[in-house]
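Since the structure comes first, as structure tokens, the remarks are kept for the end.
The values are calculated or read from the model by the stated rules, or taken from the named source; none is laboratory data. Only a predicted model underlies this, so the values are computations on that prediction, with no experimental measurement involved. Glycine also receives a Cβ, built like all others from the backbone with ideal geometry; neighbour counts cover every protein chain displayed.
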Amino acid sequence: MRLSGKTALVTGAAGGIGSAVAHCFAAEGASLILSDCNREGASVVGERIEKKGGGEATVIVADVTLENEVRDLFAEIEDSFSSLDIVVNIAGGDVEPVADVEAIDYECMSRNLDLNLKSCILSCREACRIMKPEMYGRIVNMSSLVYRGGPGQFSYSAAKGGIFSFTRSLAMAMGGYNITVNALAPALVDVPMFSRVLGKERWETMAREAAARYPLQRIAKPEDVAKAALFLASDDAAFITGQILEISGGARL
């Protein structure tokens, strides 16, 4: 198993992609720390992993948009675990997915930056503090295909582009400590949140139209993203750092 003996933190673990990453890592032998602001959702993920024989999954509730809660999260990890080998920063989302440039809302813009970019930077800062003395670490950040830009997704695109730039910068700084830092950039992913927010009919239309534009003729499954995260978190990718891996089905070729 590729992650046997490793301790991995997954933020946003209650969501569709986060839970898929957690299950994938558990199947590969990782000891899991599941973090989310949704205690019930993260606990359900942990219980399902344990029922499948994936070992114990520890749930730590944290709102990663708040600096003090990020600090407390990593302080608890440091107190409770002998090491922290892998961090996968999945937590995020777009709170203003469709907007005219003249209608960009300051509060939504700030929330997008807090939820996506600032949370990632804070998590990486605390992770590196623990990983550097151990001279080992694998960090995987969640960007998006819209890091290239997306009409109507101004602040979200900016945040996801910022994650790519930050990932490259951190990779340069941490290479000497045997810490790799990479990012994932998925296209549209079939997660329950979309159906919940948009409604079943609207979501199915959006997914169908997107799939028709992708060369592989389908949108991504959470497991597609999870397997890419597994590769970057494993020692199979020990000589890969500062990269953004597009999981797009060929979108935007």
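Brief remarks follow.
- Count - residues of segment 23-36 that are assigned to a strand (DSSP E or B) and not β-branched (Val, Ile, Thr): 5
- Filtering segment 140-190 to residues that are modelled with pLDDT of 95 or more, among the polar types (S, T, N, Q) and not in a strand (DSSP E or B) leaves Ser143, Ser144, Ser155, Ser157, Ser165, Thr167, Ser169, Asn178.
- Total residues in segment 137-158, condition surrounded by 24 or more Cβ atoms within 10 Å (Cβ to Cβ), of a type in the set (A, V, I, L, M) and in contact (Cβ under 8 Å) with a residue 60 or more places away in the chain: 2
- Screening Ser35 on (1) over 18 Å from Ser234 (Cα atoms); (2) buried (at least 18 other Cβ atoms within 10 Å of the Cβ); (3) out of contact with any Ser or Thr (no Cβ under 7 Å at 6 or more places or on another chain); (4) not β-branched (Val, Ile, Thr) shows it passes everything except condition (3).
- Matching residues in segment 232-243 - criterion: being surrounded by fewer than 20 Cβ atoms within 10 Å (Cβ to Cβ) and either touching a strand residue (DSSP E or B) at 6+ places or on another chain (Cβ under 6 Å) or touching a residue at least 12 places away in the same chain (Cβ under 8 Å) (or both): Ser234, Asp235, Asp236, Ala237, Ala238, Ile240, Gly242, Gln243
- Residue within segment 37-53 that is within 17 Å of Arg138 (Cβ to Cβ), within 15 Å of the chain's Cα centre (by Cα) and either assigned to a helix (DSSP H, G or I) or of a type outside the set (D, E, K, R) (or both) present: no
- Hits in segment 54-77 - residues which are under 18 Å from Asn112 (Cα atoms) and aliphatic (A, V, I, L, M): Ala62, Val64, Leu66, Val70
- Some residue of segment 39-56 being surrounded by 17 or more Cβ atoms within 10 Å (Cβ to Cβ), of a type in the set (A, V, I, L, M, F, W, C) and farther than 18 Å from Glu223 by Cα: no
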